[in-house]
1. Specify the residue that is surrounded by the fewest Cβ atoms within 10 Å (Cβ to Cβ); the eligible residues are those in the stretch 90-101 that are more than 15 Å from N27 (Cα to Cα) and out of contact with any strand residue (DSSP E or B) (no Cβ under 7 Å at 6 or more places or on another chain).
2. Which numbered condition trips up R11, out of (1) of a type outside the set (A, V, I, L, M); (2) surrounded by fewer than 22 Cβ atoms within 10 Å (Cβ to Cβ); (3) touching a Pro at 6+ places or on another chain (Cβ under 8 Å); (4) part of a strand (DSSP E or B)?
3. Mind checking whether some residue in the stretch 172-182 is surrounded by fewer than 16 Cβ atoms within 10 Å (Cβ to Cβ), modelled with pLDDT of 95 or more and within 20 Å of the chain's Cα centre (by Cα)?
4. Going residue by residue through the stretch 208-228, is there one that turns out to be touching a residue at least 12 places away in the same chain (Cβ under 8 Å), surrounded by 22 or more Cβ atoms within 10 Å (Cβ to Cβ) and under 30 Å from D83 (Cα atoms)?
5. Is it true that L47 is in contact with a helix residue (DSSP H, G or I) (Cβ under 6 Å, 6 or more places away or on another chain) and buried (at least 17 other Cβ atoms within 10 Å of the Cβ)?
6. Which of the residues belonging to the stretch 20-53 are in a strand (DSSP E or B) and in contact with a Ser or Thr (Cβ under 7 Å, 6 or more places away or on another chain)?
7. Among all residue pairs at least 6 apart or on different chains, which show Cβ distances below 9 Å where the first residue, located in the stretch 35-62, is more than 19 Å from I217 (Cα to Cα) and the second is β-branched (V, I, T)?
8. Name the one entry in S102, S139 that is among the polar types (S, T, N, Q), under 25 Å from the mean Cα position of the chain (by Cα) and closer than 27 Å to L285 by Cβ.
Amino acid sequence: MVLEELSYYARLKGLDVLGTGDALHPNWMEELKRGLEKVDEKGVYRLRASGGGPLFIVQTEVATIHELDKKTRRIHHVILFRDLETAAQAADLLSKYGDLRSDGRPILNITPAYLVELMMEVSQDCLIFPAHAWTPWWSIFGAISGVDTVEECYEDKSDKIYAIETGLSSDPLMNWRVSRLDSYTLLSSSDSHSPYPYRLGREAVVFELEDVSYDEIVDAIKKKDSKRIIMTLEVPPSYGKYHWSGHRRCGVGPIPPARAREMGYRCPICGRRLTKGVEDRVEELADRPPGARPPGAIDFKYVIPLQELITVSMGLDYSSETALNSKKVWQQYMGLINSLGNEFQILLDAPLEKIAEVSGPRLATLIADMRRGAIKIRPGYDGVYGRIVFGSAGGDTSTLKQKGGSLEDFL
């Protein structure tokens, strides 16, 4: 996870702008200063002496811990900075409230409202928004340590919050069911724990900008400008690690929402509480029926990482890092890239017959199913990713399972 690797794989993926991640960590800050150079004064950076390639925005994720109504709240936040100098000032200020060297995503013993206050003190150009908003752990609406509203989280600084990052386990359709989120820009991104294309850019925001600059990107987000924010790219939410309820330790899951409620969210094996799924949590806060679309909503499309689709088409286990990085998977991946363009072009636009010519009909079928939302996925639960099921199309297993079955189907 160094800048050169991130830049190389971002080109393969089709990403034009990346967040740096971990900008408050002293060691990584030194790497950013060494490896990046400013593009004019636009608030974006590129690899030093590269002459082109993906741009970088200075960014980090932080955790806050505070108590509200006698319950400990643990919430992750994304912060964007206009430049490295601003991030350095923020680091100086935040170092009083947590050990910035301990983790790329430091834990701060302050309230979210005070975090916003401090960042606005550093610079009004900073943009803060809640990360992976619905996951059970460490999120604003998380079932375990979250709250029910933005105002509960950010208190008197909630007017400085313009966006929500939806996370892998939810999509715009789910967020549209909660009317109090209508005024926020729904952003899709995911932290990447490796530079490879099956992790980098799993979710993304598609902008159309006259000038690719920090100010333009932030302004488009603040104004929820559908002329500049064209759409988000989303993995199907059932792919996410917390879409449905379950208890990984006992091998219980995924359990659909209605069944989990009947069980009182208790594990039938050990009796402990299940980790409540994101879909369950959305249902608790929703005031609209499924399928509702509010005015001004920004479009989205589903995508699944190409390496994972290739691995599934070969009959291999795509949850295995060894399989995903095997020689034959990479050969096919690079063959597609060299023939048809970057990964997003292949997933969204490349003619299916061309894909079949390069990689065979099984992969072309999977991509066709993905484009029409017809890939079957066994939903993720309690930290376990969803599982792609190659075969008959027609919806994911979350839809199919909710229509019937017994408890044994989910154990």
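1. So the residue we want is K96.
2. (4)
3. Yes - at least one qualifying residue is present in the stretch 172-182.
4. yes
5. yes
6. L47
7. Sorted first by the residue in the stretch 35-62, then by its partner, the pairs are G35/V2; L36/T20; L36/V58; V62/V78; V62/I79; V62/I107.
8. On inspection, the qualifying residue turns out to be S139.
The values are calculated or read from the model by the stated rules, or taken from the named source; none is laboratory data. Please read these numbers as outputs of a predicted model, since none were measured by experiment. Positions of Cβ are generated from backbone atoms using ideal geometry, with glycine treated the same way; all protein chains shown enter the neighbour counts.
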